[in-house]
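Heads up, the thing below is written out as structure tokens.
The values are calculated or read from the model by the stated rules, or taken from the named source; none is laboratory data. What you see is a predicted model, and the numbers here were worked out from it, not measured in a lab. Cβ placement follows ideal geometry from the backbone for every residue including glycine, while neighbour counts extend to all protein chains displayed. Side chains are part of the model used for accessible areas, which takes the heavy atoms of the whole protein and leaves out ligands, DNA and RNA. Shrake-Rupley method; radii C 1.70, N 1.55, O 1.52, S 1.80 Å.
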Amino acid sequence: MPRFLRLAVLASGRGSNLQALIDAIAAGELAAEIVGVYSDKADAGALQRARDAGIPAYAITPKQFATRAEFDAALFTRIDAATPDLIVCAGYMRLITGHVVEARRGRIINIHPSLLPAFKGLHTHAQALAAGVPEHGASVHFVTADLDGGPVIAQARVPVLPGDNMETLSARVLAEEHPLLVETVRWLAAGRIVLSETGSSDTGPAEAPIHVDGAPQPPLQLGANRRFA
Ligand code: GRF
């Protein structure tokens, strides 16, 4: 049986990825509980989605603090109080202080709208269109002090089609982000994915954890080309 995972979700914006987690849990498709939603924006749509679902929602805004380290200390004190097993960054648009991340190694994941390591940072769909790549997508990765550079767990791919613009391409990617995030959290809940301590990759039998360290094992492929069964 999968573990009943306690999730904390960080989100800065509309919260459609948060909603995908809420819906999957409500449908009995994800053995998890969201113990809190945390935002650096008081007006984030994600906070309203949390309240609507009866989940504790907290806005902690950076302007209340002198430094990023003080902000992160306050934010993660609040998060730790909810004793989450896993912290999910779902459209959380701030860097997290390095030592805060390191103290939670393997317990923070992020969804990023590109096929990492391609197109780190902001404006990933514009980057993909400008580069003229035939394929784009989204990645879920463990968060490390290296921005968008932590070990990739799973990816979903979409084609870039003739005539695509930011709206069409971002919508195609977003539609794949939601199942990608739910599926990845499901596998983490089942203990099938852990961040390797040694830095070595080890793909065991299906029941065993998949140790992910970014290389040389390719990320799990989800979406149109699913490998999770
Ligand atoms: C998503 O595209 C996610 O990959 C990126 O920010 C966006 C958040 O969307 N990090 P939402 O707030 O989950 O709707």
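Shape class for the range 1-108, computed from the alpha carbon gyration tensor (a ≥ b ≥ c): oblate, with a/c not under 1.5 and a/b at or below b/c. Note on the range 139-158 and the range 1-48: Cα centroid distance 19 Å, given to the nearest whole angstrom.
Quick check for me: using +1 on Lys/Arg Cβ and -1 on Asp/Glu Cβ, what's the dipole size of the range 1-129 about its Cα centre, in debye to the nearest 20?
220
Kindly sort 77, 144 by accessible area of their heavy atoms, largest first, with the probe set to 1.4 Å.
On the way: 77 95, 144 50 Å².
My answer, sorted largest first, is 77, 144.
One chain, two ends: residue 29 and residue 14. Fully extended at 0.36 nm per residue, the span grows by 3.1 nm beyond their Cα-Cα distance. Summing +1 for each Lys or Arg and -1 for each Asp or Glu among the other residues whose beta-carbon sits under 13 angstrom from that of residue 80 gives +2. For a modelled paramagnetic label at residue 175, 7 Å from Cα along Cα-to-Cβ, no residue of the range 78-116 is in reach, as no backbone nitrogen comes under 15 Å.
Among 118-128, 160-170, what's the highest-first ranking by average C-beta atoms within 10 angstrom per residue? Walk me through the numbers before you get to the answer.
Values: 118-128: 16.8, 160-170: 12.7.
Ranking the peptides 118-128, 160-170 by packing returns 118-128, 160-170.
A cut-off under 14 angstrom between Cβ atoms defines the neighbours of residue 71, and their net charge, with Lys, Arg +1 and Asp, Glu -1, is +2. In the neighborhood of residue 113, defined by Cβ-to-Cβ distances under 15 Å, what is the net charge if each Lys or Arg adds +1 and each Asp or Glu adds -1? Computed value for this residue: -2. Would you please give the FRET efficiency between residue 68 and residue 131, computed as 1/(1 + (r/R0)^6) with r the Cβ-Cβ distance and R0 = 30 Å, to the nearest 0.05? Once the sixth-power term is evaluated, E becomes 0.45. Shape of the range 5-219 from its Cα gyration tensor (a ≥ b ≥ c, root eigenvalues): rounded if a/c is under 1.5, otherwise prolate when a/b > b/c, or oblate? Rounded is the answer for the range 5-219, as its axis ratio a/c remains below 1.5. Note on residue 77/residue 42: beta-carbon distance plugged into 1/(1 + (r/R0)^6) with R0 of 25 Å gives a FRET efficiency of 0.85. Each label point was placed 7 Å from the Cα along the Cα-to-Cβ direction; for residue 52 and residue 95 their separation is 3.4 nm. Placing a label point 7 Å from the Cα of residue 105 along the Cα-to-Cβ direction, the residues of the range 147-162 whose backbone N falls under 14 Å from that point are 151.
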